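Student: Pasting a structure here, questions to come.
The values are calculated or read from the model by the stated rules, or taken from the named source; none is laboratory data. Because the structure is predicted, anything quoted here is derived from the model rather than measured. Here the Cβ positions follow ideal geometry from the backbone for every residue, glycine too, while neighbour counts run over all protein chains shown. We work out accessible area using only protein heavy atoms, side chains counted, and drop any ligands, DNA or RNA first. Shrake-Rupley method; radii C 1.70, N 1.55, O 1.52, S 1.80 Å.
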Amino acid sequence: LGLIVIDEEQESAYKQEATPRYQARSLAERLALEHDALVLLGSATPSVETYWRSEQDEIERVELTERVGPARSGGDRAALALPEVEIIDLRRELHRGNATLLSDPLHDLLHDTLRRGEQAMLLLNRRGMATIVICSSCGTTVQCPHCDIPLVYHQDRRILLCHRCNYRTRPEQHCGVCGGLLDYFGAGTQRVESEVKRAFPEARVLRWDRDSVSRQGGHARMLKAVEAGDVDIVVGTQMIAKGFDLPMVTAVGVIHADALLHLPDFRSAERTFQLVTQVAGRAGRRTSGGRVIVQSYSPRHYAITAAARHDFRGFYEAEIAFRRRHRYPPFTRLARYTVRHKDEETCREQCEEMALRLARHLDNLGVDGDLLGPAPAFTSKIRGEHQWQIVLRAKSDDFDCLLDGLPTHPAWTVDVDPQSML
């Protein structure tokens, strides 16, 4: 073995979420060490931790400073300009009376793209037609009875679906609490598809998300339709954001760039920057002149503005300052403890008992660390069980010694270096 290549190294999918919870990047480095081989981590938007390691000279950084263009007659390749990105403040669109999902500039971009016979992609990283169903009288939200999260309305199948446990039920017109009328709010890819078809009835629109892939015959058939020019506008989730090289796509729109930005996870800004940057890279991959429109309610957030400039370094400097200030990786390491129980009070008591054991463990070793929690997890109920969590945090240099004799229990899930805090 001489070389291991890990492309899109920033992807959280490289972390195994079931036991054993290993990180494939770390495993690759260990394997390469045993074989005296080289590991090549590739990414246009590397993880903050990986870039930090290159700043500390733990790994060597090699940068490609130009975007590779199509091959010319002589066999060489010219540099290709990155697409122009425009940020649209959705608050101003609302003040102007435009409550649709398509801002006026995005509507105009789609119109011009269709007129030229080119293709466009629209990203919204959320499935379904309406993401929340609320009673107009008492304000009750229709939730999954097993997970306590809002059910999402899928119009094509006429069902309310839980994206956690797959619970499904038929939509009702009236509230089960007070009998009032139910209103459907929020937006998913189905609603984007519906609005695009209404705005451009002549356009051939393809929705590309987890719900549509199986019904459309799989990714390969959908990709073939786009490459053949049988589709004018692709509406999809993060499935369409990276990996595709589609020569006729010259326009990209990000419907809500804030979808991931304000989740209670310290990596939310990083994931927003990566997703927006990656999907913007789908535009203009054969000739210069591609255009991208990013719609946001937080147009001045550094993750949004840096993505619009294709500026990884600018994003990294703002993000690493945030991580240093709040003691998040790479300056510390984390271990996330989660426990589930059908009785919430029992769940809380078990969590408090484990917190005491962890605190004693830190004290006995004299390690500079702290505990976040115990507290209900972001998803506080899953499949009928309540879920609580504790996050153990300590300096990176001290963390390995914590793992020896780390308190645990068979009922608990312990995830060292978690990729998600949700």
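Student: Give me the dipole magnitude in Debye, nearest 20, for the range 91-202 about the Cα centre, with unit charges on the beta carbon: positive for Lys and Arg, negative for Asp and Glu.
Tutor: Numbers: 15 positive and 12 negative charges, 47 e Å.
About 220 debye.
Student: Please give the net charge around THR379, taking every other residue with its beta carbon less than 15 angstrom from that of THR379, where Lys and Arg add +1 and Asp and Glu add -1. The partial results should precede the final answer.
Tutor: Values: positive: ARG164, ARG336, ARG340, LYS381, ARG383; negative: GLU17, ASP148, ASP265, GLU344, GLU385, ASP415.
Local net charge: -1.
Student: Over the C-alpha atoms of the range 1-140, what are the Rg and the largest Cα-to-Cα span, Dmax, in Å?
Tutor: Every Cα atom of the range 1-140 included, Rg and Dmax give 22.9, 70 Å.
Student: For the range 95-146, what % of the accessible area comes from carbon and sulfur atoms, probe 1.4 Å?
Tutor: 48
Student: Grab the beta carbon distance between THR65 and ARG198, set R0 = 45 Å, and tell me the FRET efficiency rounded to 0.05. Write out the running numbers ahead of the final one.
Tutor: Values: r = 43 Å, r/R0 = 0.96.
After rounding to 0.05, the efficiency reads 0.55.
Student: Of the listed peptides 270-280, 369-379, 384-394, what is their order by residue-averaged count of other C-beta atoms within 10 Å, with the highest listed first?
Tutor: Details: 270-280: 25.3, 369-379: 16.9, 384-394: 21.0.
Averaged packing, sorted descending, gives the order 270-280, 384-394, 369-379.
Student: Could you work out the mean projected area of the convex hull around the alpha carbons of the range 201-339, in square nanometres to one decimal? Working shown, then result.
Tutor: Working: hull surface 45.5 nm².
Dividing the Cα hull surface by four gives the mean projection, 11.4 nm².
Student: Run the simple label-point estimate for ASP57 and ALA321 please: 7 Å along Cα→C-beta, distance reported in nm.
Tutor: 2.6
Student: Could you provide, to the nearest whole Å², the per residue accessible area of the chain with probe 1.4 Å? Before the final figure, lay out each step's value.
Tutor: Working: 21390 Å² over 422 residues.
Averaged over the residues of the chain, the accessible area is 51 Å².
Student: Each residue of the range 393-400 in turn: what ³J(HN,Hα) in whole Hz from Karplus with 6.51, -1.76, 1.60 and θ = phi - 60°, glycine and Pro shown as x?
Tutor: Whole-Hz 3J(HN,Hα) from phi for the range 393-400: 10, 8, 4, 4, 5, 9, 6, 4.
Student: Just the ratio, please: alpha-carbon radius of gyration of the range 278-373 over 2.2 N^0.38 Å, N its number of residues. All intermediate terms of the calculation are to be shown ahead of the outcome.
Tutor: Values: Rg = 21.6 Å, N = 96, 2.2 N^0.38 = 12.5 Å.
Cα-based Rg divided by the globular estimate yields 1.73.
Student: At ARG21 and ARG72, where each label point lies 7 Å from the Cα along Cα→Cβ, what is the point-to-point distance in nanometres?
Tutor: 5.2
Student: Given C-alpha coordinates of the range 304-422, what is the ratio Rg to Rh with the Kirkwood estimate of Rh? Kindly include the intermediate steps, with their values, before the conclusion.
Tutor: Numbers: Rg = 16.6 Å, Rh = 15.7 Å.
Expressed as Rg/Rh, it is 1.06.
Student: For the range 107-200, what percent of Cα pairs sit more than 16 Å apart? Working shown, then result.
Tutor: On the way: 2622 of 4371 pairs.
Of the Cα pairs, 60 percent sit more than 16 Å apart.
Student: Let me ask another. Percent of Cα-Cα pairs per 5 Å bin, from 0 to the last occupied bin, for the range 173-249, please list those.
Tutor: In order of increasing distance, the bins hold 3, 13, 21, 21, 16, 8, 6, 5, 4, 3, 1 percent.
Student: Sticking with this structure for a sec: Over the range 342-422, what percent of the accessible surface lies on carbon and sulfur atoms, probe 1.4 Å?
Tutor: Values: 1930 of 4200 Å².
The computed percentage sits at 46.
Student: Cβ neighbours within 10 Å, averaged per peptide: list 57-67, 257-267 in order, most packed at the top.
Tutor: Values: 57-67: 9.7, 257-267: 18.9.
Highest to lowest by the protection proxy: 257-267, 57-67.
Student: On to the next question. Would you mind telling me the share, in percent, of accessible area of the range 27-76 contributed by carbon and sulfur at probe 1.4 angstrom?
Tutor: Details: 1830 of 3650 Å².
Carbon-and-sulfur percentage of accessible area, whole number: 50.
Student: While we're on this one: Can you tell me which of 78-86, 302-310, 152-160 comes out highest on packing, and rank the rest after it, using the mean Cβ neighbours within 10 Å?
Tutor: Values: 78-86: 15.9, 302-310: 21.7, 152-160: 17.7.
Most protected by this proxy first, the peptides run 302-310, 152-160, 78-86.
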